[in-house]
Amino acid sequence: MSYKLPQLSEMAFDRVGHHNPQLLREWQGRLRWRNLLLTFSLSFGIQGLLLLKRLAQLPSSRLFINTQYCLQYDPHQGCQLGADQQPLIDWPLVWADVFRDLSFVLVWVLIIGGIFLLAADLSKENRRGTLNFLRMSPLRGRRILLGKLLGVPILLYLGIAAMLPLHLATGLMGSYPVGIVLAFYGVLGAIALCFYSAALWFALLAEGLQGFQTWLISGLSAGLLLLSWQLWHFNLSGDWFYLFNPLHILADWEVKGWGQQSAWPFIGSDLNGFRQLGWFFMPVGSHRGWVLAFALANALLLGLWFWVALERKFQTPANTALGKQQSYGLTLCLSLIIMGFETQHPFNLPSALDTVFSYRISMVIWAVLLMFLLLPSKQLLLDWARYRHHQPHRASQPTSRNPSRKQAQSSSRRQQSLIVDLLCHDGSPPAFALAINLGIIAGVFLLGIGLSALISPVTDPVDAVMAWGFCAAVLLICSLVVQWIALANLLHWRWLASGAVAAIIVGWPLVLSLTGIDPYRGAMGYLWLTTAFPQAVLDMANGSEIFLAIAAHLVLISGLSLGLGRRCQILGQSEWKALMDQGSRREYLRP
Amino acid sequence: MNLPYGLSEIGERGFEIMEDGSEALISGFMTSQDWQPAAMPSALPGVGNPALSVRNITKRFQRKTVVNDIDLDLFPGEVYGLIGPNGAGKTTLMSMMVGAEMPTLGEIWIEGQLFRQDQNSPQLQRCIGFLPDDYPLYDDLTVWQYLEYFARLYGISPGLRHRRIYDILELVQLSSKHHSRTTELSRGMKQRLGLARAIIHQPSVLVLDEPVSGLDPVARMEFRDIIKALQQSGMTILISSHVLSDLADFCSTIGIMELGYLVESAPLNELYNRLSRRQIFIATLGEGPALAQALDAHACVVSQTRVSDREICVEFAGDEAAAGELLRSLIAAGIPLCQFNHTREDLETIFLKHLDHKQVS
């Protein structure tokens with residue numbers, strides 16, 4: 001049985017539907033009296049339980065039990081009593097703790113709950129095929145996605161909205177300034193938007209998982225949130241995760257009980273270390289304005305990238321997960337963020353080789369992700385190969401009376417268009433775009449070392465750059481191998497490609513270690529130059545070994561690239577021939 | 001390879017050059033800067049511009065050509081029936097026509113404008129209504145909410161929206177169910193609701209992919225009546241179905257697809273005249289040989305088969321007028337006829353014969 005909402009709210013709904021039909025559709029499907037009743041009961045129930053939990057810990061007439069909220073406590077006399085012979089209670093501390101409990105619930109419910117609902121909804125629509133009808137409608141993808149974002153978790157939003165009065169009140173009574181509480185809401189909203197965009201994007205990407213992607217993305221997000229809950233300040237790129245936990249935003253406020261880690265439910269982060277947080281030598285953690293600005297900028301920037309990728313994938317599902325041009329911008333942002341956290345303080349960089357290790361690890365992970373995110377589907381690559389094959393016809397449009405000049409012009413135009421394609425076109429093999437991305441990472445790496453050198457002396461900068469160079473070469477080889485595997489007629493090529501990448505990046509160094517080939521000593525230590533982690537051997541290797549390693553990498557990359565180019569050429573040729581043959585066969589088939 | 005009309009004056013950029021020097025658009029790799037539109041498909045005398053045109057359309061998928069170089073025109077008010085065995089490429093062709101799939105080669109024109117899936121063109125998207133086979137509905141909405149949602153998606157103004165929904169519910173005979181949840185509807189009702197959704201924005205071209213598959217005879221009949229009503233309102237309809245008797249009932253043109261090719265496309269009458277064998281069953285009260293002799297004299301009689309002493313089955317090469325002429329000539333010859341039954345092969349037989357012929361080819 002369906003329950004009609006009152007007339008007045010229907011008018012308001014009509015206005016909403018006028019601006020965003022998708023939003024109204026989501027609301028109409030969810031806002032029923034039964035659902036609302038359940039949501040508000042749950043919300044008020046949770047608030048009641050949290051309140052009850054803290055009120056149960058108040059000191060009673062038994063003066064030596066539950067003393068944490070005593071206004072003054074003496075180990076011999078117990079809680080100090082008031083004029084009415086009742087213990088004097090530190091109410092601001094009680095309310096501050098209720099505020100923290102509620103904040104904890106807000107963060108988890110809003111972020112993980114929202115991610116689950118959004119990913120489940122979008123993957124369900126994608127699986128059933130109803131998403132295609134939305135794509136075919138004149139409404140733009142952005143408005144449809146916005147409608148989903150605001151509409152699908154509407155019950156969750158309402159439940160959280162019902163918590164806000166108590167949350168705000170306990171925050172104020174717990175001595176948190178109103179501006180700080182509002183800032184917390186702002187940062188929480190921005191982080192939730194970032195996570196939501198990522199979840200929707202992932203739900204579209206992993207459609208082959210048949211709904212499992214909902215659990216996967218929710219689990220991954222919960223893992224990330226948990227990780228951000230348990231951080232220890234190391235002056236490394238991992239400190240970035242501090243910014244993904246909205247509760248850390250409240251770390252700067254000098255409120256009673258803040259420094260006690262036990263006051264925060266399940267939190268294990270080094271909260272005092274958080275105050276040492278820096279970014280490119282800027283003391284971010286020392287000033288509340290900086291913390292706020294950084295957390296907001298970080299969440300909004302990443303959210304924006306995810307949103308752009310989401311919109312693109314939603315509008316044209318055949319596209320790669322990430323556009324090549326987008327990847328350059330995203331890589332620049334990520335490498336700047338991570339390098340910034342790598343170079344938090346000048347004393348952190350005695351040796352460039354050691355210090356940027358975590359930057360390199362992070363960037364290797366990102367590059368491996370890029371290999372797959374930029375990889376075109378086989379059909380997209382075939383279309384591109386066919387299009388490339390037919391380019392000479394276009395390039396040979398009459399441009400000059402001089403045939404040799406014409407030939408030279410046509411060849412140069414073809415070269416240019418190939419480079420543009422490799423740089424920007426979704427269908428082209430991703431190795432060239434990956435090389436550009438690796439170059440961007442190297443550029444930021446040099447910037448980091450350069451800035452550090454301005455402040456304090458840096459040792460081994462050349463070795464550090466070379467280490468990244470060797471690592472980048474291995475990553476390029478991986479990308480080419482992945483593309484080769486993707487082109488083969490294999491059923492489970494994704495697993496095979498992932499296995500190949502793991503074997504090259506992790507397996508090969510492991511084999512060297514297990515066979516006792518030590519990078520620091522031993523006759524064959526130079527073999528470590530062929531791995532993604534050559535920094536250990538760079539000090540020991542001589543010039544000829546390094547030269548040989550560079551030559552080996554170059555030969556391998558060139559061989560794989562040329563072979564891939566030839567394979568694309570053959571594919572394009574056969575695709576075009578098949579197209580033309582079938583076109584001419586039609587005439588024969590006509591009655 | 002012969003290019004269809006309308007592609008004779010194509011600009012040099014944005015097109016692939018065919019082997020014979022002619023050009024055709026390769027979709028998917030043109031930027032808007034590259035794009036120079038080809039000439040619009042020209043009108044046929046007395047019929048007007050086509051409501052939807054498909055030119056050289058080809059779809060290759062995983063190294064297999066699913067749709068092969070198809071040209072097709074749908075003229076305003078025409079009901080075009082697309083038939084073919086499973087896997088012939090009907091659904092892929094329709095998906096490309098409505099913008100759900102990107103063609104590998106070729107172009108689609110709607111109301112004289114080039115339609116590209118990768119370019120946002122709301123006014124062209126409003127010209128098309130599409131109902132696929134087994135279309136899933138939203139379980140959490142009522143019939144009214146469902147139609148209202150799509151009416152809003154297509155930007156129908158608030159003043160017009162309710163009136164339109166009422167009218168369409170009336171047309172698809174779901175007025176009494178407007179407060180029911182979509183899960184409460186029968187399969188036939190769901191299909192009618194899908195049709196209502198496809199026409200809520202009054203498209204000029206309606207594409208229906210096997211809309212009656214899985215429906216019982218009554219539901220099929222109801223659906224057929226609705227399509228006839230839409231036909232009368234002047235809507236251009238492209239419909240694919242395996243129920244050929246239904247198509248023969250309301251289609252003005254028939255296309256036969258096989259292995260991705262459109263192997264036949266002609267008005268239904270022409271198809272019957274060209275491909276349908278006519279038979280006349282004649283019974284006399286008089287002498288059989290006299291009847292056979294009289295039939296021999298008629299030019300349109302191809303062959304005779306004696307069914308009994310006084311009954312003959314004739315394979316006839318003429319049309320209805322010629323059959324009338326034969327009847328008159330037999331009466332004039334004094335043959336005492338007691339039965340003259342003129343029949344012709346139906347669409348299903350034509351299709352099966354056509355299929356056999358092409359497979360032999």
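The values are calculated or read from the model by the stated rules, or taken from the named source; none is laboratory data. What you see is a predicted model; the values in this text were computed from it and never measured. Because the Cβ atoms are built from the backbone with ideal geometry, glycine has one as well, and the counts that use them run over all protein chains shown. We work out accessible area using only protein heavy atoms, side chains counted, and drop any ligands, DNA or RNA first. Shrake-Rupley method; radii C 1.70, N 1.55, O 1.52, S 1.80 Å.
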Residue count for region A:355-386, restricted to those that are open to solvent by less than 30 Å² (accessible area, probe 1.4 Å), among the small types (Gly, Ala, Ser) and farther than 30 Å from A:Asp460 by Cα: 1
Residues located in region A:130-145, provided they are within 13 Å of another protein chain (Cβ to nearest Cβ) and either closer than 20 Å to A:Ala192 by Cβ or open to solvent by 20 Å² or more (accessible area, probe 1.4 Å) (or both): A:Asn132, A:Arg135, A:Met136, A:Arg140, A:Arg142, A:Arg143, A:Ile144
Which numbered condition B:Thr92 fails, given (1) in a helix (DSSP H, G or I); (2) within 11 Å of another protein chain (Cβ to nearest Cβ): (2)
Residue in region A:1-24 that is farthest from B:Asp140 (Cα to Cα), counting only those that are facing chain B (nearest Cβ under 10 Å) and at pLDDT below 80: A:Lys4
Pair list, Cβ under 6 Å, 6 or more apart: region A:462-483 residue farther than 21 Å from A:Pro429 by Cβ and free of Cβ contacts under 8 Å to residues at least 24 places away in the same chain, other residue acidic (Asp, Glu) and in a helix (DSSP H, G or I): none
Filter result (more than 14 Å from every other protein chain (Cβ to nearest Cβ) and part of a loop (DSSP other than H, G, I, E, B)) within region A:364-380: A:Leu374, A:Leu375
Residue in region B:49-70 that is nearest to the other protein chains (Cβ to nearest Cβ), counting only those that are hydrophobic (A, V, I, L, M, F, W, C) and assigned to a strand (DSSP E or B): B:Phe61
Selected residue (only one of B:Ala323, B:Ala332, B:Ala317 is open to solvent by 80 Å² or more (accessible area, probe 1.4 Å) and among the small types (Gly, Ala, Ser)): B:Ala332
Helices (runs of 4 or more DSSP H) within region A:253-358 that include 2 or more residues over 26 Å from A:Ile440 (Cα atoms) and modelled with pLDDT under 90: A:271-274, A:288-315
Residue under evaluation A:Val187, criteria (1) part of a helix (DSSP H, G or I); (2) modelled with pLDDT under 90, criterion not met: (2)
Test: residue in region B:222-244 that is surrounded by fewer than 19 Cβ atoms within 10 Å (Cβ to Cβ), under 18 Å from B:Met97 (Cα atoms) and more than 14 Å from chain A (Cβ to nearest Cβ): no
Hits in region A:81-104 (condition: surrounded by 19 or more Cβ atoms within 10 Å (Cβ to Cβ) and either among the hydrophobic types (A, V, I, L, M, F, W, C) or within 12 Å of chain B (Cβ to nearest Cβ) (or both)): A:Leu93, A:Val94, A:Trp95, A:Ala96, A:Val98, A:Phe99, A:Leu102
Qualifying residue in region A:166-181 (condition: free of Cβ contacts under 8 Å to residues at least 40 places away in the same chain, in contact with a Pro (Cβ under 8 Å, 6 or more places away or on another chain), buried (at least 19 other Cβ atoms within 10 Å of the Cβ) and more than 14 Å from chain B (Cβ to nearest Cβ)): no
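Per-residue answers, yes or no, for (1) part of a helix (DSSP H, G or I); (2) under 27 Å from the mean Cα position of the chain (by Cα):
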| position | (1), (2) |
| --- | --- |
| A:Gln68 | no, no |
| A:Ser103 | yes, yes |
| A:Val107 | yes, yes |
| A:Ile111 | yes, yes |
| A:Phe133 | yes, no |
| A:Arg142 | yes, yes |
| A:Lys148 | yes, yes |
| A:Leu155 | yes, yes |
| A:Ile160 | yes, yes |
Sole residue being assigned by TED's automatic domain parsing to the domain that holds A:Leu564 and surrounded by fewer than 23 Cβ atoms within 10 Å (Cβ to Cβ), chosen from A:Asp421, A:Asp426: A:Asp421
3 or more residues over 30 Å from A:Leu579 (Cα atoms), at pLDDT below 85 and among the charged types (D, E, K, R): qualifying helices (runs of 4 or more DSSP H) within region B:249-361: none
Qualifying positions in region B:149-183 - crowded, with 18+ Cβ neighbours inside 10 Å and more than 8 Å from every other protein chain (Cβ to nearest Cβ): B:Ala151, B:Ile156, B:Arg161, B:Arg164, B:Ile165, B:Ile168, B:Leu169, B:Leu171, B:Val172, B:Leu174, B:Lys177, B:Thr182
Residue within region B:109-123 that is within 25 Å of A:Lys124 (Cβ to Cβ) and either touching a residue at least 60 places away in the same chain (Cβ under 8 Å) or not hydrophobic (A, V, I, L, M, F, W, C) (or both) present: yes
Residue, surrounded by the fewest Cβ atoms within 10 Å (Cβ to Cβ), within region B:131-146, restricted to residues that are under 26 Å from the mean Cα position of the chain (by Cα) and more than 7 Å from chain A (Cβ to nearest Cβ): B:Asp134
Conditions (1) crowded, with 22+ Cβ neighbours inside 10 Å; (2) over 12 Å from the mean Cα position of the chain (by Cα); (3) closer than 26 Å to A:Leu164 by Cα: number failed by A:Gln213: (3)
Selection from region B:50-88 of residues that are over 14 Å from the mean Cα position of the chain (by Cα) and at positive phi: B:Asn56, B:Gln62, B:Arg63, B:Asp69, B:Gly87
Condition broken by A:Tyr69, with the remaining ones in (1) within 22 Å of A:Ser175 (Cα to Cα); (2) free of Cβ contacts under 8 Å to residues at least 12 places away in the same chain; (3) of a type in the set (Ser, Thr, Tyr) satisfied: (2)
